[in-house]
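Novice: One structure follows; several queries about it will come next.
Just so it is clear, none of the values below were taken in a lab; they were calculated from the coordinates. The shown structure was predicted, so the numbers you read here are calculated from the model rather than taken from an experiment. Here the Cβ is made from the backbone with ideal geometry for all residues, glycine too, and neighbour counts use every protein chain on show.
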Amino acid sequence: MTGSWKWLSASYYSTVSSEYFGLTDGRGSSYFTAVAAYTFPIKLTLGGSYGVTRLSGTTAGVPNDSLDYDDYKIWLGYSYTGLDFELAWTDTDINNPGPLAEDRVFFSITKNF
């Protein structure tokens, strides 16, 4: 489910199957995200998002909600000659996140066909 108003949007997703990213009892797990992205007249976009992942069920007798986490992203974007450029910082609130969930800075160039 998604809704938006001007430069704000929010989305909610819920898992209907029992499997969720490696969890065998994840039915009812959910993800909510809120995004603010404002494009200035010079085609520069400043944005930020906040997401919440809540896990349901148990795996091997351990409640999945011990794996709940929040994620954050702040970015600058610019479109030029059909290419989209983005510089972004992302992070999560996961303790001892390992290399996949530590805060990072990304630069990307994309083209839609």
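Novice: Give me a comma-separated list of calculated 3J(HN,Hα) values for region 99-111, in order, Karplus coefficients 6.51, -1.76, 1.60 applied at θ = phi - 60°, integers in Hz, x for any Gly or Pro.
Specialist: Taking θ as phi minus 60°, the curve returns x, 7, 10, 6, 5, 8, 10, 10, 10, 9, 10, 10, 9 Hz for region 99-111.
Novice: So what are the ³J(HN,Hα) numbers for region 24-29, from phi and the Karplus equation (6.51, -1.76, 1.60; θ = phi - 60°), rounded to whole Hz, Gly and Pro as x?
Specialist: 8, 10, x, 3, x, 5
Novice: Under a plain spin-label model, where a point goes 7 Å from the Cα along Cα-to-Cβ, how far apart in nm are ALA60 and THR92?
Specialist: According to this spin-label approximation, the distance is 1.7 nm.
Novice: Pick out, in residue order, every one of the chymotrypsin sites (Phe, Trp or Tyr not before Pro) in region 1-95 that is DSSP loop and has at most 11 other C-beta atoms within 10 Å; say none if there are none.
Specialist: Values: sites: TRP5, TRP7, TYR12, TYR13, TYR20, PHE21, TYR31, PHE32, TYR38, TYR50, TYR69, TYR72, TRP75, TYR78, TYR80, PHE85, TRP89; in loops: TRP7, PHE21.
Within region 1-95, the qualifying chymotrypsin sites (Phe, Trp or Tyr not before Pro) (loop, at most 11 other Cβ atoms within 10 Å) are PHE21.
Novice: Right, here's the next one. Could you list which residues have their amide H under 5 Å from that of ASP71, counting only those 5 or more apart in sequence or on another chain, with H placed in the peptide plane?
Specialist: For ASP71, the qualifying residues are GLY51, VAL52, THR53.
Novice: Find out how many positive minus negative residues lie around THR110, taking Lys and Arg as positive, Asp and Glu as negative, among other residues whose Cβ is under 11 Å from that of THR110. Could you put the intermediate results ahead of the total?
Specialist: Working: positive: LYS111; negative: ASP84, GLU86.
Result for the local shell: -1.
Novice: Then there is this: About the Cα centre of the chain, how large is the charge dipole given +1 on each Lys and Arg Cβ and -1 on each Asp and Glu Cβ? Please answer in debye to the nearest 20.
Specialist: Values: 7 positive and 12 negative charges, 107 e Å.
Computed about the Cα centre, the dipole is about 520 debye.
Novice: Expressed as a rounded percentage, what relative contact order does the chain have, with Cα pairs under 8 Å and six or more residues apart? Don't skip to the end; give the middle numbers.
Specialist: Values: 240 pairs, mean separation 18.7, N = 113.
Answer for the chain is 17 percent.
Novice: Suppose the Debye formula is applied to equal point scatterers at every Cα of the chain; what is log10 I(q)/I(0) at q = 0.11, 0.18, 0.22, 0.24 Å⁻¹?
Specialist: Rounded to two decimals, the profile gives -0.48, -1.02, -1.21, -1.28.
Novice: For GLY26, which sequence-distant residues (separation of 5 or more, or a different chain) have an amide H within less than 5 Å of its own amide H, given hydrogens modelled in the peptide plane?
Specialist: Hits under the 5 Å cutoff: GLU19, TYR20.
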